[in-house]
Every structure is written in structure tokens, then in C-alpha cells.
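Quick notes on the structure that follows.
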Amino acid sequence: MKRKQRLENFVFYDTESVTAHLEDMAQKGWALKGVTNPLWTYEEIPPEKRTYRTAFYPANQVYAPNAAEKQEEYIAYCEQAGWHYVTNWDNMLIFYTTAENPVPLETDEALRLEATHKAMKRSWLSVHVVLGVLFLLNIIFYVSALVKQPLTVIADGNAFFRNALFAVVLVYACIAVGSYLQWRKKSLAAVESGGFCLPVSQNVRRFQKIFFPLEIFAGLWFCLDRFLPDDMLTPKVFLAFVAFVFLLWLLFQKLHLPAKACGAILFFVVAMVPMFYSMVSLSLKAEEAKANHTSPWGDPYVVTLPNGERETILLQKDKIPLTTADLTEVPEDAVYTTARKEQSSLLATKQECLQEIPDGAPQAPQMTYEIMDVSLDALTSHCLEAYIERDTRPTPDLTYEPLTLSGTNGAWQLYTDSVPLPQYLFYKDNRIVVLRPDWGISQRELEQAASILLPTSA
């Protein structure tokens, strides 16, 4: 018999939406067979009119050791009354009947509300509260790091995105829990007045439908974040991964695989594909480098060690915005390794660059520098203070003294006991630079470095 799976997205206590949906599916020729959240399995049937109802049972035996036995007794009682048991969603029991005027499944609204609340506390509420607390703690730690140690996290795009997702989930958890508590409060008042439990508002239903895809996206991102190196986790890779999972899901639909099999395969794919992609990418990079007679990790260079032995090392050849040749004379036999590391988030972009000679190579000028581009003016002063604190914290003798440097909004040189050191801090607009040359850089050379590294005036 033909089957299909659907990703369903219901508020757990919104039983009216659940039953209305199942009745509509039955009229279209699809009957619910099982629930493996969030996958619901349907079986093709001749279209027919069905009445579906749900029940949270047992109301007073949720934690009792004989709850399962009591539940079986309840199901048998309902089937004697003409209700056919279908399946369960957590501890929500789902029944249907084709009778024109079926016997009501539940007649006591107070008992129904109590059972709903016990079921909510047992699973839905506890999960949302725990997740909310955990996400709140992560966000607090992240914000604390931004305040106390901004240089380490402000440009970490993965950390920013991860905590943005945490914030979204936290907002959802707070709104979802608050909406349920409000619904329960109003339903209690209605039941005490002799009425019925209130329907779930359309706003709550819309909010759930909007948030559901975000949950899936967040889960896929976390999988990639755990298994892929930072330089491989790009928006294009993420979107390609989402498209791949979606196409795989469509294939499962065409093959009519059981829900449990679909879940197991998807779990394996989501866990293993990022690792496989990482290994293949590195392998292709190595093959490309081999074809070009280079190394993916650098160019080979033979040095002579002090003991006379010869050793082959790999020289990185990353492209950097400023080289020693831009500032001073460089020997013709100079051999450099140049490296550039970049991190980026919505808050800032950070580059760490170096140009150094390897051990055993001819002497030549060297330098390292950092470039920080922040997205908000308020962050510029905050990061400047962080740089100053970082570089002067090791000893009380270290200080940054003001320096006159054209083309900047501010410049400083590092001193120790009134002795100048070859380290300079300067900025313009929202770009901050820390420059560390290993030679006695002149004022002209310093201004040349600033003109290259800092943004030009509009």
C-alpha cells in the first residue's frame, strides 16, 4: 500500500489543528499511520469522511508505574465506544471514527485541561524551559566575551551566527511557553465558568509555522559547524548542503521509505556528509597542488641548520596587503614565508598577516600586523581600548604613547620604561591596525604603511 511522509508542524496542545488536519487528509485519501516527530507517516486509503479526536492520558497516572497498562485499558474502552486507535504523538493518543454521531471521547473539560497540562509539563514545557536556560547561558557568555575580550570573538562568524540562532530559539521558547501559560489561564477561567477549553490563537499557529523551518536550518548549521573547518563553512556550502538534504528527502518520498528508515538515513547523511566533504576538499586541494608541482601547505625550501644538516621546509605564500618591499629595501636573496588568516562576522573582519624569514635563510626585514574592520562606530573605540589593554597588560612598564601620523584619526607607539618599541597602533574611520616591524622603521615608511593599510578618504 502506498505511503508517504510529511514534516508536520503543530503546537503540541493545539489538538483542534491536529484533528482538523487529519480529517482533511482522510478526505483527500490519506490516513495517519504513525508519528516519528517531526515525520508523520500516511497511508493511502479511499477518500472518506472521518472524525478524529485526541486525548492526553492518563490524567492522574502520568508518572505512575502502571501508566502503560492504564493507557491500554483506556484505548480498549475507547474502541468499544467506536473509536479506532491510530497512534500516539508522545503521550497524545489519536483516535478516529466514521460514525455519524460518535460518542464524545471526552466529556469533562476540567479533566481534559488537567491531562493536557500534565502532558505539557512532562515533555513540551520541560524541554523548552531547559533549552531556553541553556541558550540564555550561551548568549550571556558570548556577550560577556564581546565586552571583556572582544578581540577573540568579535570576528568569529560561526560564533556570531550560532549565538544569533540561540537568540532566535530563546525568543521562540519564551513566546511559546508564555503563549501556552496564557492559553491555560484563559481556559481555566472558561472551564470554571462552565465553558470549554479555548482554541489556540491564529497568531500562535502562524508563529509556529514560521519558526519550524528555522529549527531545521539551525540543526543543519550545527552539524556543519561541528564537522567542517571554519574556512570551509561558507554560506554557499551551507545552502548547497540544505539543497542536498531537501533533494534527498524528495527522493525518499518517491521511494515510499518507512519513516524510521528515512530518519536513520537522514541522520547518517547529516552527520557524515560534512566529514566526507572536508576530506574530499583537502584531497582535491592536494591533487591540484601536486599537478602544479607545489604543496598545498607551501613551497619547498632547503635550509642549512647550524649543525650542518639540510632540511626541507614549506614556505607559505599567502597574498597579504602590505609587504616589506612596500616600505624598505629587501635583499635579492631574501626568502619569505607569508601567511594571512582572516575571520569575519557581521560585527567585524579581522586579518592577521605575517612576513617572516625561515630559520637558516638569509637575513631580511620582517613584520607582522593585524587589521580590524568593525561594522559599528561604537565598536571602534571599544576595540581600540581592547588592543591597548592587551598589549600593555603583561607588565606595568608597557604603555602606548601618542604618535603623529598623517592620514590617521589616531596613532600610538608602544613603550617600555620610556624606551620605544617597534610596535604601532593606529586607526582611521572603522579600521584599526597593529603593526610590528622588526627594523627601525622611519617616519616616512610608517606613513607609507598607514597609507596602504588604512582606507582612503572619500
- Message: Among the residues of the range 220-236, are any under 22 Å from the mean Cα position of the chain (by Cα), within 30 Å of THR19 (Cβ to Cβ), surrounded by 16 or more Cβ atoms within 10 Å (Cβ to Cβ) and modelled with pLDDT under 75?
- Response: no
- Message: Given the criteria assigned to a helix (DSSP H, G or I) and either outside the structural domain of SER17 (by TED's automatic domain parsing) or basic (Lys, Arg) (or both), does PHE196 qualify?
- Response: no
- Item | Pairs where the first residue, in the range 2-18, is closer than 17 Å to ARG112 by Cβ and the second is of a type in the set (Phe, Trp, Tyr) and outside any loop (DSSP other than H, G, I, E, B), C-beta under 7 Å, 6+ apart | PHE12/TRP124; TYR13/TYR180
- Message: Being farther than 24 Å from LEU421 by Cα and surrounded by fewer than 17 Cβ atoms within 10 Å (Cβ to Cβ) is true for just one of LEU347, LEU314, LEU379. Which residue is that?
- Response: LEU314
- Take ALA271 and decide whether it is in a helix (DSSP H, G or I), modelled with pLDDT of 70 or more and not polar (S, T, N, Q). no
- Message: Checking the structure you have, find out if any residue of the range 134-153 is charged (D, E, K, R) and within 19 Å of GLU8 (Cβ to Cβ).
- Response: no
- Query: Got at least one residue in the range 147-160 being farther than 30 Å from LEU384 by Cα, among the aromatic types (Phe, Trp, Tyr) and not in a loop (DSSP other than H, G, I, E, B)?
  - Reply: no
- Note on the structure: Among the residues of the range 317-343, the number that are outside any loop (DSSP other than H, G, I, E, B), buried (at least 16 other Cβ atoms within 10 Å of the Cβ) and touching a helix residue (DSSP H, G or I) at 6+ places or on another chain (Cβ under 9 Å) is 1
- What is the number of the single condition among (1) modelled with pLDDT under 90; (2) out of contact with any helix residue (DSSP H, G or I) (no Cβ under 8 Å at 6 or more places or on another chain); (3) more than 21 Å from ARG3 (Cβ to Cβ) that ASN37 does not meet? (3)
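Table: residues versus (1) at pLDDT 95 or above; (2) farther than 16 Å from LEU446 by Cα.
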{"residue": "LEU322", "(1), (2)": "yes, no"}
{"residue": "VAL335", "(1), (2)": "no, yes"}
{"residue": "ALA339", "(1), (2)": "no, yes"}
{"residue": "SER345", "(1), (2)": "no, yes"}
{"residue": "ASP359", "(1), (2)": "no, yes"}
{"residue": "ALA364", "(1), (2)": "no, yes"}
{"residue": "ASP377", "(1), (2)": "no, yes"}
{"residue": "PRO394", "(1), (2)": "no, yes"}
{"residue": "THR404", "(1), (2)": "no, no"}
- Message: Of everything in the range 182-213, what is exposed (fewer than 12 other Cβ atoms within 10 Å of the Cβ) and of a type in the set (Val, Ile, Thr)? Give them in sequence order.
- Response: ILE210
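Residues checked against (1) under 29 Å from ILE210 (Cβ atoms); (2) surrounded by fewer than 18 Cβ atoms within 10 Å (Cβ to Cβ); (3) at pLDDT below 95:
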position: TYR13; (1), (2), (3): yes, no, yes
position: GLU16; (1), (2), (3): yes, yes, yes
position: LEU22; (1), (2), (3): yes, no, no
position: TYR57; (1), (2), (3): no, no, yes
position: GLN61; (1), (2), (3): no, yes, yes
position: CYS78; (1), (2), (3): no, no, yes
position: ASN88; (1), (2), (3): yes, yes, yes
position: ASN101; (1), (2), (3): no, yes, yes
position: ASP108; (1), (2), (3): no, yes, yes
- Message: If I go through the range 356-382 residue by residue, how many of them are of a type in the set (Gly, Ala, Ser) and either closer than 24 Å to ASP438 by Cα or not assigned by TED's automatic domain parsing to the domain that holds ALA334 (or both)?
- Response: 3
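The values are calculated or read from the model by the stated rules, or taken from the named source; none is laboratory data. Predicted model, so just to flag it, every value in this text is computed and none were measured. Neighbour counts are summed over all protein chains in view; Cβ atoms, including those assigned to glycine, are modelled from backbone coordinates with ideal geometry.
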